[in-house]
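Here the structure is laid out as structure tokens; the discussion comes afterwards.
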Amino acid sequence: AQMIRLQNVSKTYYPRGKSAGVEALKAVDLHVPKGQIHGVIGLSGAGKSTLIRCVNLLERPTTGTVTVDGQELTGLSGDALNQARHRIGMIFQHFNLLTSRTVYANVALPLELMGLKTDEIRERVTPLLELDRLADKARHYPAQLSGGQKQRVAIARALASRPRVLLCDEATSALDPHTTGAILELLQDINQKLGLTILLITHEMEVVKTICHRVSLISGGELVEEAEVGDFFTAP
Ligand code: ADP
Ligand code: ADP
């Protein structure tokens, strides 16, 4: 079954004060089956960030449909869209943690927003901190953590709402190679243990080679090639 389906998705930005629009995505079709790790690789400005933000409707596509776990998100708005977004976790290059909250409270935040009770929140957050090897950091603040630890907190937070899909927006680009390796291992672990489908965008070949099953190449807002990772990197 397809977990993520983008059909004919286009996105045109209309910057204020300019008459011409910027076509960031052009008729993108993308299908990611359940349980896969799919990478989208491309140069800066190719449309990667726009593409991944269209999957959870942080950006609304100008045309086309986005379907996640059988639900068409492009038809939703308001509460229905917020509900659907609980099935989609996201992590970012710069982690986006709240500096005033402890590790525990950062991971608990989406659950508080969902209206869960304190006990239910603890039951979910504690095992997530263990999975991400953060149990001894629960009372620390983000400023006391390394980059790799911060990203692990962000991953735990993204998993708190028990999503079916994890979106990774250049998740290792701010990390050194050793820490990158550790985060990629954690993502692989999550993919295998939880059966979570992962869509990631990156400009780094190494990331794709290390954990992706399939890869798409994006250029000028278009997906110009798609292959199994093994075939993609075969020398000519
Ligand atoms: P990438 O993530 O691959 O670097 P982006 O999706 O950020 O690519 O950008 C794709 C194109 O859309 C670029 O030409 C970029 O300048 C443009 N773009 C991105 N966001 C906006 C925006 N909010 N307003 C106008 N143009 C934008
Ligand atoms: P906003 O800053 O748009 O108000 P929220 O208050 O909904 O965002 O969420 C705060 C943080 O919690 C965000 O940075 C977001 O990354 C994270 N978050 C919220 N809901 C989820 C979710 N379902 N999965 C992963 N992370 C989430």
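The local environment of Tyr141, defined by Cβ-Cβ distances under 11 Å, has a net charge of +4 under the rule Lys, Arg +1 and Asp, Glu -1.
Multiplying the residue separation of His86 and Ala174 by 0.36 nm and subtracting their alpha-carbon distance yields 29.1 nm.
Given +1 at the Cβ of Lys and Arg, -1 at the Cβ of Asp and Glu and no other charges, the dipole of region 147-236 around its Cα centre is 620 debye to the nearest 20.
Within the chain, helices built from complete DSSP H runs that reach 15 Å or longer along their own axis (Cα positions) and carry a mean Kyte-Doolittle hydropathy of 0.0 or higher are 103-113.
Need the full-extension length gain, Met205 to Glu23, defined as separation in residues times 0.36 nm minus the C-alpha distance. One decimal, nm.
63.0 nm
When a/c is below 1.5 the answer is rounded, else prolate if a/b is larger than b/c, else oblate, so apply that to region 1-98 with a ≥ b ≥ c taken from the square roots of the Cα gyration tensor eigenvalues. Since a/c stays below 1.5, the shape of region 1-98 is classed as rounded. Here region 119-137 and region 148-182 have alpha carbon centers that stand 15 Å from each other. Centre-to-centre separation between the Cα atoms of region 193-228 and those of region 20-85: 14 Å.
Tell me the label-point distance for the pair Glu228, Ala182, using the 7 Å Cα-to-Cβ offset, in nm and rounded to one decimal. In this crude spin-label approximation the distance works out to 3.3 nm. Computed from the C-beta positions of Gln144 and Thr12, the FRET efficiency with R₀ = 45 Å rounds to 0.55.
When a footprinting reagent is the concern and you count Cβ atoms within 10 Å, what order do Asp189, Asp136 take, fewest first?
The fewest-first ordering by Cβ neighbours comes to Asp136, Asp189.
Summing Cβ point charges (Lys, Arg +1; Asp, Glu -1) relative to the Cα centre of the chain gives a dipole of roughly 660 debye. The length gained on full extension between Ser77 and Leu98, counted as 0.36 nm times the residue separation minus their Cα-Cα distance, comes to 5.0 nm. The lysine pair tally for the chain, using Cα distances under 18 Å and a gap of 8 or more places or different chains, is 6.
Since every read-out is calculated from the coordinates, none of them should be taken as a lab result. The shown structure was predicted, so the numbers you read here are calculated from the model rather than taken from an experiment. FYI the Cβ positions are ideal-geometry reconstructions off the backbone, even for glycines, and counts take in every protein chain you see.
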